[in-house]
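Heads up, the thing below is written out as structure tokens.
Values in this text are rule-based calculations from the coordinates and carry no lab data. Everything quoted here is computed from the prediction, not taken from an experiment. Every residue, glycine among them, receives a Cβ derived from its backbone with ideal geometry; neighbour counts consider all protein chains shown.
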Amino acid sequence: MHNRCTTDAYETRRSVKIGSSVRGGPVEKVAGNFVPKGVAHVPVARVAEPLRLAFVLLPDFSLIAFSSAIEPLRIANQLSGQALFEWEVMSESGLPVRCSNGLEVNVDRALGEPKARSMVFVCAGVEPEKSASKRVADFLRAEWRKGAVVGGLCTGAYALARAGILEGRQFTLHWENLPPFVETYPKLKPVEQLYCIDDRIFTCAGGAAATDLFIEIIARSFGGKLGDAVLRMCLHGQQRPAHLRQRMSVSSTIGIRNPVLVAVIEAFEANVTGEVDLVALSAELGVSRRQVERLFEKHVGVSPKQYLNGLRLERARGLLSETDMSVSAVAYACGFQTVNTFSKAFRLRYGHAPVVTRRKAGA
């Protein structure tokens with residue numbers, strides 16, 4: 001028996017009727033009932049028409065990205081006491097969609113002729129290349145051509161890429177999926193930042209970054225005062241700027257402040273697939289190679305070469321899981337000189353051969 005998950009955005013102050021079709025069927029909502037009651041209030045001029053949005057959920061989508069996007073809209077309506085935003089949720093089939101944590105979310109209907117609106121967001125998660133179907137891509141392209149804002153949450157950029165609307169645009173997706181995305185779409189250049197707004201293309205890295213993006217949408221649409229109030233209601237601390245990197249700095253991640261060690265690690269991360277001349281890099285930093293090796297041994301517990309190989313193996317595992325690249329192609333793409341060297345290192349780190357990861361990804 002499957003678990004079901006229905007977020008506040010579905011239940012709060014809205015009458016719902018579960019249909020009789022498979023897995024609970026579509027949800028019928030009372031039109032316009034998007035304004036829950038609350039204590040706090042922020043005065044906003046009456047709007048003639050709400051800003052309408054649609055969320056397209058793909059299989060194995062990220063629930064945290066979806067809820068982090070839709071909840072700020074619900075809170076904005078609650079604080080203003082009016083329907084500043086209205087939304088509907090769709091899936092390709094019209095049936096509930098299972099997210100990456102195993103729960104299922106009901107939707108309003110299947111893809112089709114949309115209601116009047118100005119923003120469409122596709123929410124994806126794990127294995128985005130498999131979930132971004134041609135039908136979804138065609139739908140997004142059609143909405144884009146009609147003049148709608150089209151966006152991607154978490155790994156939704158895969159669907160936008162398949163729709164052919166990202167070329168020449170600044171966009172982002174979750175950092176873990178950046179390497180396989182670039183291998184799949186080598187002509188596209190994603191950036192590693194929290195969110196991007198490029199004309200009518202809105203993308204974010206997922207997770208809490210969706211809240212940052214949607215608070216920006218609220219502030220642009222109805223003023224910074226409302227945006228700040230939604231921020232406080234979300235207990236989000238402060239709105240982070242779009243350009244902020246998704247991942248913490250090296251020093252924060254590994255708890256090391258030594259500037260030489262941090263600089264070397266950052267150089268490794270920037271050149272995972274290429275060669276790093278440690279002698280030349282050490283000289284640039286004013287130390288010897290042996291000093292760098294001692295720093296790694298003391299603070300990281302491995303040699304510089306072992307650390308770099310670890311980064312390469314992590315990238316290789318991602319490519320095996322998220323792309324159709326062969327084992328040999330992955331090996332060379334990740335900086336290994338031979339497939340045999342790569343396979344031995346991979347088995348030593350993960351306990352099985354690369355082909356096993358490939359089989360699991362294809363299951």
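Using only side-chain charges placed at the Cβ, +1 for Lys and Arg and -1 for Asp and Glu, the dipole size of the stretch 106-249 relative to its Cα centre rounds to 300 debye. Positive-end ranking of 286, 341, 325 along the dipole of the stretch 250-362, with charges on Cβ about the Cα centre, is headed by 341. Here the 3J(HN,Hα) profile of the stretch 68-84, calculated from phi with Karplus coefficients 6.51, -1.76 and 1.60 at θ = phi - 60°, is 5, 8, 7, 5, x, 5, 4, 5, 4, 5, 4, 5, 8, x, 8, 7, 5 Hz, Gly and Pro shown as x. Rounded, prolate or oblate: pick one for the chain, where a ≥ b ≥ c are the square roots of the eigenvalues of its C-alpha gyration tensor, a/c under 1.5 means rounded, and failing that, prolate if a/b is larger than b/c, else oblate. Prolate is the answer for the chain, as a/c is 1.5 or above and a/b outweighs b/c.
Taking 0.36 nm per residue of separation and subtracting the current Cα-Cα distance, fully stretching the chain between residue 103 and residue 191 would add 28.6 nm. In a reduced charge model with +1 at each Lys and Arg Cβ and -1 at each Asp and Glu Cβ, the stretch 8-233 shows a dipole moment near 620 debye about its Cα centre. With a cut-off of 15 Å, note down the residues of the stretch 275-302 whose backbone N falls inside the zone around a label point 7 Å from the Cα of residue 267 toward its beta carbon. Counting backbone N atoms under 15 Å from the label point, the list is 275-296. In this structure, the amide hydrogen of residue 87, modeled 1.01 Å from its nitrogen in the peptide plane, lies closer than 5 angstrom to those of 53, counting only residues at least 5 positions away or on a different chain. Let me check I've understood the local charge: for residue 307, count other residues with C-beta under 15 angstrom from its C-beta, Lys and Arg +1, Asp and Glu -1. What total comes out? The answer is +1. Between amide H atoms placed 1.01 Å from N, distances below 5 Å from residue 151 occur with 120, 121, 122, 202, all of them 5 or more places distant or on a separate chain. Its relative contact order, with pairs defined as Cα atoms under 8 Å and 6+ residues apart, puts the stretch 173-277 at 22 percent.
For the stretch 167-211, just run the numbers: alpha carbon Rg, then divide by 2.2 N^0.38 Å, N being how many residues it has.
1.09
In the stretch 119-210, Cα pairs under 8 Å separated by at least six residues give a relative contact order of 29 percent. For the pair the stretch 88-157 / the stretch 209-247, the C-alpha centres are spaced 23 Å from each other.
With the biggest extent put first, the Cα atoms of the stretch 277-363 measure 49, 21, 21 Å across the principal axes.
Of the peptides 153-164, 281-292, 260-271, the ranking by mean beta-carbon count within 10 Å, highest at the top, reads 153-164, 260-271, 281-292.
The long axis of helix 339-350 is offset from the longest Cα principal axis of the chain by roughly 60 degrees. For the stretch 134-220, what does the alpha-carbon gyration tensor say about shape, rounded, prolate or oblate, given a ≥ b ≥ c as the root eigenvalues, a/c under 1.5 as rounded, and a/b over b/c as prolate? Oblate, since a/c reaches 1.5 and b/c is not below a/b. Taking every alpha-carbon pair under 8 Å whose residues sit at least 6 apart, the chain reaches a relative contact order of 12 percent.
Using only side-chain charges placed at the Cβ, +1 for Lys and Arg and -1 for Asp and Glu, the dipole size of the stretch 250-362 relative to its Cα centre rounds to 520 debye. Shape class for the stretch 46-162: oblate, because the ratio a/c of the largest to smallest gyration tensor axis (alpha-carbon atoms, square roots of eigenvalues) is 1.5 or more and b/c is at least a/b. The residue 305 and residue 243 beta-carbon pair, evaluated with R₀ = 35 Å, returns a calculated FRET efficiency of approximately 0.60.
The angle between the Cα long axis of helix 209-222 and the longest principal axis of the Cα atoms of the chain comes to about 40 degrees, rounded to the nearest 10.
For the options 338, 323, 172, a Gaussian network treatment of the chain with springs between C-alpha atoms closer than 10 Å singles out 338 as fluctuating the most. Each of 354, 306, 244 was scored by the projection of its Cα onto the charge dipole of the chain, and the greatest displacement toward the positive side belongs to 354; charges sit on the C-beta of Lys, Arg, Asp and Glu.
Helical runs (DSSP H, four residues minimum) scored at -39500 (n - 2.57) apiece and divided by the length of the chain put the mean residue ellipticity at 222 nm at -12500 deg cm²/dmol.
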